[in-house]
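Here's the structure, in structure tokens; my notes come after.
Any read-out appearing in this document is the output of simple, stated calculations on the displayed coordinates, not a laboratory observation. Everything numeric in this text was worked out from a predicted model, so none of it was measured. Quick reminder, even Gly has a Cβ in these numbers, built from the backbone with ideal geometry, and neighbours come from all protein chains shown.
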Amino acid sequence: MATRGFFGRRPSDEVARRLPPGQYRTDDFPVLAKGPTPQVDRATWRFTINDGPRPLASWSWAEFEALPQTTWRGDIHCVTKWSKLDTIWSGVSIDDLLQAAAITPPSAYLLAESHDDYDTNLPVADLVGGKAMIATRFAGMPLEAEHGGPARLLVPHLYFWKSAKWVKGLRFTPRDEAGFWEQRGYHMYGDPWREQRYTNDP
Amino acid sequence: MTADAASAPTRWQQAVIERIEAQTPRVVSVFLRVPLGPRVAGQHVDVRLTAPDGYQAERSYSIASAPGTEDIELAVERLDDGEVSPFFHEVARPGDTIEIRGPIGGHFVWRAADGGPILLIAGGSGVVPLMSIVRDWSTTARTTPVLLAYSARTWEELVFRDELIDIEARQPSFTFIATTTRGPKHRPQDLDRRLDRSQLRELLTRWGRAVRDTYVCGSNAFVEAVTTSLVLETGSPASIRTERYGGKD
């Protein structure tokens, strides 16, 4: 049923095709976070892949920067309803990370973990096959702290809370364990094209 | 629709606009009658408007009213280039129906059982979820000390200003400090400059309470500046919750 007197501002067909349901386009880059921006020093930064409590591989910043670099260009979608088109990110793909450490995923799920005690759960299948990276650059520049720098996860086909800022590692889990927002009313998977924003969304 | 889906807290519901009240030159309160489930102070709702051709626009708005009230109050700031906020300022009137889903959010929330002392810091329309907390606190936990430091450009732009002054007059545990960045202060205890680190230190020293939980809400620039100062002053980022307004409208 139409809302009396509301006409809206329909985007162009080209933009509309790229916007998942309920999203609108923004040109700026909003910042959302559960708390203060942590100051993470590249000199002491480490990225660690764990299988439950057991470390499998770990990199210093310099070691991480020496891994093969990947660039991705495309659209990102925040559950708070903004979408940003044609963003450009560079970093290390999860495929390259796993390959560098000769890791075969020991389970089908993991938690991405951050320096501010944030975490978020993901199926491994959504991180491999060129779908995700640990991003260290945005639009060619070192990633700013308020956008997750030095490094954040980038999983652009899911709502952006899954792309954990200030990421310090990945932890394989035997089951799909709810992360920070997933325990606080947000969807376990978070596909923007199916508008999986909140816990009970289909 | 299955019974489960029908009872899910996040399904869209029809909400009738009961009344709209001007709060400041740029902010109106929109009172909605909608049967939301149980909620907690600090949560938000999603709003959906539908054009005659089926086009829909969705936005999130924080709830200003305390849990337990029959109506919910949203406070909507008019953004000149906005798509949804001008509707509430210029078009909407009592009796109109919009769609709502919620309540949403399980982090930037306060319950009486959480206790205090509570430090609340608002920038501009960031006061809205904090107002819900203050209103809830004033009926459920009046002995818990609360300090609200609220920054706006001018005295006239402080949303809920008179109600906050009234609560402060009635509740000895509630301290309200207004800080105006582009206009004079109106009371001796207020500030007439940006909330920087030295201002925050002075406020906290004057208040003299050991803060348990801090809630900061406003624009990203405001929240970044305040939380950076707070972390330097208190060294405890884990007790600080933030909510940042971003995007357009």
Quiz prompt | Residue ID - farthest from the other protein chains (Cβ to nearest Cβ), chosen from residues in region B:84-113 that are under 25 Å from B:Thr227 (Cα atoms), within 18 Å of the chain's Cα centre (by Cα) and not aromatic (Phe, Trp, Tyr) | solution = B:Ala112
Exercise. Might you check whether a residue that is farther than 23 Å from A:Gly179 by Cβ, free of Cβ contacts under 8 Å to residues at least 12 places away in the same chain and among the aromatic types (Phe, Trp, Tyr) occurs anywhere in region A:6-25?
Key: yes
Quiz item: Applying the selection to region B:119-136, what residues are over 21 Å from B:Ala210 (Cα atoms) and not in a helix (DSSP H, G or I)?
Solution: B:Gly123
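This table checks each residue for (1) surrounded by fewer than 14 Cβ atoms within 10 Å (Cβ to Cβ); (2) within 14 Å of chain B (Cβ to nearest Cβ).
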residue: A:Ala2; (1), (2): no, yes
residue: A:Glu14; (1), (2): yes, no
residue: A:Val31; (1), (2): no, yes
residue: A:Thr37; (1), (2): no, yes
residue: A:Gly52; (1), (2): yes, no
residue: A:Trp61; (1), (2): no, no
residue: A:His77; (1), (2): no, yes
residue: A:Leu111; (1), (2): no, no
residue: A:Asp119; (1), (2): no, yes
Quiz prompt | Hits in region A:1-32 (condition: of a type in the set (Gly, Ala, Ser) and out of contact with any helix residue (DSSP H, G or I) (no Cβ under 8 Å at 6 or more places or on another chain)) | solution = A:Ala2, A:Gly8, A:Ser12, A:Ala16, A:Gly22
Exercise. Among the residues of region B:84-118, count how many are of a type in the set (Val, Ile, Thr), part of a strand (DSSP E or B) and over 26 Å from B:Glu156 (Cα atoms).
Key: 4
Exercise. For region B:55-83, name all the residues that are at the interface with chain A (Cβ under 8 Å from one of its Cβ atoms) and either assigned to a loop (DSSP other than H, G, I, E, B) or not charged (D, E, K, R) (or both).
Key: B:Tyr55, B:Gln56, B:Ala57, B:Ser60, B:Glu83
Quiz prompt | Scan of region B:32-54 for residues that are more than 10 Å from chain A (Cβ to nearest Cβ) and part of a loop (DSSP other than H, G, I, E, B), ordered by number | solution = B:Val34, B:Pro35, B:Leu36, B:Gly37, B:Pro38, B:Arg39, B:Val40, B:Gly42
Quiz item: Which condition number in (1) surrounded by fewer than 18 Cβ atoms within 10 Å (Cβ to Cβ); (2) in a strand (DSSP E or B); (3) among the hydroxyl-bearing types (Ser, Thr, Tyr) is the one that B:Ser29 fails?
Solution: (1)
Quiz prompt | Index of the failed condition, A:Leu153 passing every other in (1) within 30 Å of A:Ser60 (Cβ to Cβ); (2) surrounded by 17 or more Cβ atoms within 10 Å (Cβ to Cβ); (3) within 14 Å of chain B (Cβ to nearest Cβ) | solution = (3)
Exercise. Could you list all residues from region A:16-28 that are at the interface with chain B (Cβ under 7 Å from one of its Cβ atoms) and of a type in the set (S, T, N, Q)?
Key: A:Thr26
Quiz item: Looking at region B:208-249, which of its residues are more than 9 Å from chain A (Cβ to nearest Cβ), out of contact with any Lys or Arg (no Cβ under 8 Å at 6 or more places or on another chain) and farther than 24 Å from B:Arg153 by Cβ?
Solution: B:Gly208, B:Arg209, B:Ala210, B:Val211, B:Arg212, B:Thr234, B:Gly235, B:Ser236
